[in-house]
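Structure first, then comments.
The values are calculated or read from the model by the stated rules, or taken from the named source; none is laboratory data. This is a predicted model, so every value here is computed, not measured. Glycine also receives a Cβ, built like all others from the backbone with ideal geometry; neighbour counts cover every protein chain displayed. The accessibility values were calculated without ligands, DNA or RNA, using every heavy atom of the protein model including side chains. Shrake-Rupley method; radii C 1.70, N 1.55, O 1.52, S 1.80 Å.
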There are 2 protein chains.
Amino acid sequence: MSDTLVISIDAMGGDHAPDSIIEGVSIALKKNEDVFFFLYGNEEKLMPLIEKYKIPAERYKIHHTDAIIKADDKPSHAIRSGRESSMWKAIMSVRNGYSKAVVSAGNTVVLMAMSKICLGTAAGIDRPAIAAILPSLTGPIVALDLGANAECNSQNLVEFAIMGDVFYRIMFKKEFPSVGLLNIGSEETKGREEIREAAGVLKSFGKKINFYGFVEGNDIGLGTTNVVVTDGFSGNVALKTIEGTAKLISTTLKDIIKKSVLSKIGFLLALPGLRALKKKMDPRMYNGAMFLGLNGISVKSHGSADAFAFSHAIETAINLAQNNLCSKITDELEHVMDVADSSNGETIA
Amino acid sequence: MSDTLVISIDAMGGDHAPDSIIEGVSIALKKNEDVFFFLYGNEEKLMPLIEKYKIPAERYKIHHTDAIIKADDKPSHAIRSGRESSMWKAIMSVRNGYSKAVVSAGNTVVLMAMSKICLGTAAGIDRPAIAAILPSLTGPIVALDLGANAECNSQNLVEFAIMGDVFYRIMFKKEFPSVGLLNIGSEETKGREEIREAAGVLKSFGKKINFYGFVEGNDIGLGTTNVVVTDGFSGNVALKTIEGTAKLISTTLKDIIKKSVLSKIGFLLALPGLRALKKKMDPRMYNGAMFLGLNGISVKSHGSADAFAFSHAIETAINLAQNNLCSKITDELEHVMDVADSSNGETIA
């Protein structure tokens, strides 16, 4: 089993768990022959699903536990008292070296906190961040932080830029992705002080990072840069504003189509095209937010993920594990810091 | 002329000025028979347009000036040295009581700064805010601040809530609009301290303001509340993210339609419906951002506004002037403060 990659799955987290989780595993394992799954959860509930979705015996092992972190559990309480939960145990298996990544559709706050406690923050990183892949006119982009840190200083933003750069390179096999700092104007004097400071530091890195400068909210959809860096408050607002806008447009479109026979016929004719649009914009394709900056790979699936969406989160975890995300981030940090130290004496801290 | 409302127009600001400005005036004056326009700008350039768009002589007066604030002028320089500009003079006419509102499509930063200098900040208001009307699933909503204040404290947010409440009531003739505070989670412990503090103050106002609690980015498109209150950084990010997402969806849709004959035919059949969607989402319908919290009405049109969009900004200015926006904000502030003082001793400051 030396070439086998082990991925830990919190089989009990999420709105449709454990059914959609196990079905998601069944989709992911067909595409990834060398991956073995540790499934954390209630064995009695999991076994019928293992049979239903025909998971081969040689591809999984159930680690039984009764305890579950529920979606409406108070995070502070769940974090303190959830040490027997499927989520905690799945993360601990990464910490203890039994698996290379964990995937959970459970509560974000709890998963982030437990991942921090169990895996620890990576050397050189002050605060981990949540990163995700979003659709844009120029292809998928990476955005972070999407909610882990409501307030950030310039050092945090610089670290997010470096982590986002590495994350993008692994996911899309493209060297030297462009990195933009989210601001409310492209002029150098605009926005908050910490953002202007971070821009100064990123510029001082010279050619070691492809820093584009400031971007604005519309640049996310336009895909102006490959990576968009921001604090967790603005990032979360942007992420959810995209969701709300897409919902507004799709619902309005549906209402209008319903009102006219011609529109309905037109809609039916355009259906293959509209399906392609839906597929391109499908949030399930982009499921799998990543906690960057930890000593281990922890991927958060959307709580409402279906099996297809959950399998995408697993794919992300596999990709990051196969490409040694964590050590690459550490290497990149050292590399950039060295350059900054030797080139002009500026450092992040 | 006792019942005539006078509106000042910066005829030289904006990407398509003065042509689209004068055409916009011609659209607005047909709908508003009792409005008279002061047009600030170069008489030689304006006169041919006055003829082209058949503006009746009894509906306007040109106040000639050669100086213009250009879109790429450095704001700090423009503010200092732009006292002869069409923008400055148009604002000053409001200050001096010759007109009731000013509309400009010129540079936002300059317009905001000049409006503050000329009109002054309203009593009881610490910082003015930029408010705009946005489309949502439940109808138009009001959002503020959209970029005037990159950082805000709890007092600013509370004042924005009160001003947004008044603005919504005037624009949509609905008493007791619901007001939400933008946050990154609906739990009371989430987000930044100033937001939690502002929520506490708004709750203390009891029934005097219809405070909904926290909303998230997706609630803007969903129209969960009539008013969304946030700091100028997050508000600007949200506003521009809506623009970018709409652009992403519409461009992707167009590309897909181009690729298939069936889609094209379907698209043609659905065209009336799609036009209705476009109309509902048309940013021109929502043109006209308002600077709230000044001693006078100053409306900012999008710089790229066409005549139709500019006429909407004029309509907003007329509506706000006819309904005495400024005195209503002052009254509401006093009213809410009184309640807070007498009910439980809490005040905003």
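Counting only residues that are within 22 Å of B:G223 (Cα to Cα) and either modelled with pLDDT under 75 or not assigned by TED's automatic domain parsing to the domain that holds A:N218 (or both), how many does segment A:240-281 have?
Residues in segment A:240-281 being within 22 Å of B:G223 (Cα to Cα) and either modelled with pLDDT under 75 or not assigned by TED's automatic domain parsing to the domain that holds A:N218 (or both): 1 in total.
Of the residues A:T138, A:T108, A:T121, which single one is touching a residue at least 24 places away in the same chain (Cβ under 8 Å), exposed (fewer than 15 other Cβ atoms within 10 Å of the Cβ) and within 13 Å of chain B (Cβ to nearest Cβ)? Quick ask: steps written out before the conclusion?
Numbers: A:T108 fails: exposed (fewer than 15 other Cβ atoms within 10 Å of the Cβ); A:T121 fails: within 13 Å of chain B (Cβ to nearest Cβ).
None of the others qualify; the one that does is A:T138.
Taking segment A:184-213 as the search range and keeping residues that are open to solvent by less than 60 Å² (accessible area, probe 1.4 Å) and charged (D, E, K, R), which one is farthest from the other protein chains (Cβ to nearest Cβ)?
At the first step, the residues of segment A:184-213 found to be open to solvent by less than 60 Å² (accessible area, probe 1.4 Å) are A:184-185, A:190-192, A:194-195, A:198-202, A:204-206, A:209-211, A:213.
Remaining after also requiring charged (D, E, K, R): A:190, A:192, A:194.
Details: A:K190: 8, A:R192: 5, A:E194: 10 Å.
So the residue we want is A:E194.
Could you tell me how many of the residues in segment A:229-268 are open to solvent by 20 Å² or more (accessible area, probe 1.4 Å), of a type outside the set (V, I, T), within 7 Å of another protein chain (Cβ to nearest Cβ) and under 18 Å from A:M281 (Cβ atoms)?
7
Do you know which residues across segment A:9-45 are in a loop (DSSP other than H, G, I, E, B) and crowded, with 22+ Cβ neighbours inside 10 Å? Can you show your working first?
So in segment A:9-45, the residues in a loop (DSSP other than H, G, I, E, B) come out as A:11-18, A:32-34, A:42.
Scanning segment A:9-45 gives A:A11, A:M12, A:G13, A:G14, A:A17, A:P18.
I need the full set of residues from segment B:191-227 which are on the phi < 0 side of the Ramachandran plot, in a loop (DSSP other than H, G, I, E, B) and in contact with a helix residue (DSSP H, G or I) (Cβ under 8 Å, 6 or more places away or on another chain), in order please. Before the answer, list the steps.
Start the filter on segment B:191-227 by keeping residues that are on the phi < 0 side of the Ramachandran plot, which leaves B:192-205, B:207-212, B:214-222, B:224-227.
If we keep only those that are in a loop (DSSP other than H, G, I, E, B) too, we end up with B:192, B:205, B:209, B:216-217, B:224-226.
Hits for segment B:191-227 are B:R192, B:F205, B:I209, B:E216, B:G217, B:T225, B:N226.
For segment B:175-183, indicate whether the set of residues that are farther than 30 Å from A:L222 by Cα, surrounded by 24 or more Cβ atoms within 10 Å (Cβ to Cβ) and not assigned by TED's automatic domain parsing to the domain that holds B:T108 is non-empty.
Applying the first criterion (farther than 30 Å from A:L222 by Cα) to segment B:175-183 yields B:175-179.
Subset that is surrounded by 24 or more Cβ atoms within 10 Å (Cβ to Cβ): B:179.
If we keep only those that are not assigned by TED's automatic domain parsing to the domain that holds B:T108 as well, we get B:179.
Yes, segment B:175-183 contains a residue that is farther than 30 Å from A:L222 by Cα, surrounded by 24 or more Cβ atoms within 10 Å (Cβ to Cβ) and not assigned by TED's automatic domain parsing to the domain that holds B:T108.
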